[in-house]
Amino acid sequence: MPNLPVNSRKLSPYLYDDLDRKLVAALKIDGRASISVLAKKLSVSRGTIQNRLDRLLSCGAILGFTIRAHEAIDKESVNAVMMIEVTGRSTAQVIQILRGIPELVKLHTTNGNWDLLAEIKAENLSEFDRILSTVRMIPGVLNSETSILLTSI
């Protein structure tokens, strides 16, 4: 598959059922779980899990596997949310540019005073500052407000 931003990849048509959702949920908890462990947890055969996993990967429902590092290892990182107001009809162009910024790990449309909400993960405060400047300089971005996430509860 071409090296496209994650959110721009198209999901192939596939009817997702409860087992697919449970499998994805289990993998979100432990992306390293073996086929045998997943089969036992979901009360289905190993072959069923392997087939479902292959199908979810090939159709684009699962985009990849990752880790979650303990916050002691990731001490310098900065997590934040940025609300973005876009001028006129430039939303599509702004979204296209935002998708090219890897530190914006998720991008959402929203209602209310803000047009978009971006989830940011930066390596440190210096990188965080650079990302804020980059977003604010995008043509079509009228205003933004950012909140750093301090403690997860």
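Filtering segment 122-153 to residues that are in a helix (DSSP H, G or I) and aliphatic (A, V, I, L, M) leaves Leu125, Ile131, Leu132, Val135. Considering segment 79-100, and only residues there that are β-branched (Val, Ile, Thr) and more than 15 Å from Ile148 (Cβ to Cβ), the residue that is farthest from the chain's Cα centre (by Cα) turns out to be Thr87.
Between Glu103, Glu76, Glu123, the distinction of being surrounded by fewer than 17 Cβ atoms within 10 Å (Cβ to Cβ), under 17 Å from the mean Cα position of the chain (by Cα) and touching a residue at least 12 places away in the same chain (Cβ under 8 Å) belongs to Glu123 only. When segment 41-63 is filtered for residues that are at pLDDT below 95 and at positive phi, only Gly60 remains. If I filter segment 126-153 down to residues being among the hydroxyl-bearing types (Ser, Thr, Tyr) and under 24 Å from Gln93 (Cβ atoms), which single residue comes out as surrounded by the fewest Cβ atoms within 10 Å (Cβ to Cβ)? Selected residue: Ser133. Pairing each residue of segment 54-65 that is in a loop (DSSP other than H, G, I, E, B) with any residue that is among the acidic types (Asp, Glu), provided the two are 6+ apart or on different chains, yields C-beta distances under 9 Å for Ala61/Asp20.
The values are calculated or read from the model by the stated rules, or taken from the named source; none is laboratory data. Note that the structure is predicted; figures quoted are calculated from it, not measured. Cβ sites come from the backbone with ideal geometry, for glycine too, and all protein chains shown count toward neighbours.
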